[in-house]
1. Within the range 55-111, count every residue that is of a type in the set (A, V, I, L, M), over 16 Å from Gly165 (Cβ atoms) and either buried (at least 18 other Cβ atoms within 10 Å of the Cβ) or over 16 Å from the mean Cα position of the chain (by Cα) (or both).
2. Is it fair to say Ser158 is buried (at least 16 other Cβ atoms within 10 Å of the Cβ), touching a Gly at 6+ places or on another chain (Cβ under 9 Å) and either part of a strand (DSSP E or B) or among the β-branched types (Val, Ile, Thr) (or both)?
Amino acid sequence: MMKKIAVVLLGTLLGSSLYADNYGSDSKGFLGLEVAAGTVEGERLNDFMHEGSGAQFGLRFGAQSDEWRATFAFDYFDSSSDDQNVEHALFMADYFFLNNNYETNIRPFIGANIGLMNYESTGVDATDFTYGGQAGVVVNINENLDLDLSYRYSLSASERVNQLGAVVFGFNYLY
């Protein structure tokens, strides 16, 4: 499973880089890291649904223009005190709704996400699709670096996991 996800992510990285180059001069590709404080509500062995919280770490890459951003992210959530962990691969599309062609350093966005997650707890191992949305702001540090702060919420198609939510801090290198 992990090999398939790695191959898909590598192919997507290469494809998004080519897409960013062909999209036009106002589009840039990016690579980034994210860290989050997240929660997951999922089934445990002796507890039907339990909400656990913990740290979430991830990698992201994609392309963005002055109005849109397309991002592929792979996150790992671990709540060892609550016996829950999640691997989450996502595609996110964001719209910068107060767009002014990078003339300001702060750009708010709203977006949607869809992806695949694997949830594990004692006696539970579920893999299924997720979908949801996110909202936040991007702060441009300079022409090659930006930071973003957002809230991401995803619902699960699995009967064993209800929802995933996180306050996400991201750091992106634009090329």
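The values are calculated or read from the model by the stated rules, or taken from the named source; none is laboratory data. Source: prediction; values computed, not measured. Note that each Cβ is placed from the backbone with ideal geometry, even for glycine, and that neighbours are counted across all protein chains shown.
1. Matching residues across the range 55-111 total 5.
2. Details: buried (at least 16 other Cβ atoms within 10 Å of the Cβ): yes; touching a Gly at 6+ places or on another chain (Cβ under 9 Å): yes; either part of a strand (DSSP E or B) or among the β-branched types (Val, Ile, Thr) (or both): no.
No.
The rows are residues; the columns are (1) out of contact with any Gly (no Cβ under 6 Å at 6 or more places or on another chain); (2) at pLDDT 95 or above; (3) in a strand (DSSP E or B).
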residue: Ala93; (1), (2), (3): no, yes, yes
residue: Asn99; (1), (2), (3): yes, no, no
residue: Glu120; (1), (2), (3): yes, no, yes
residue: Asp125; (1), (2), (3): yes, no, yes
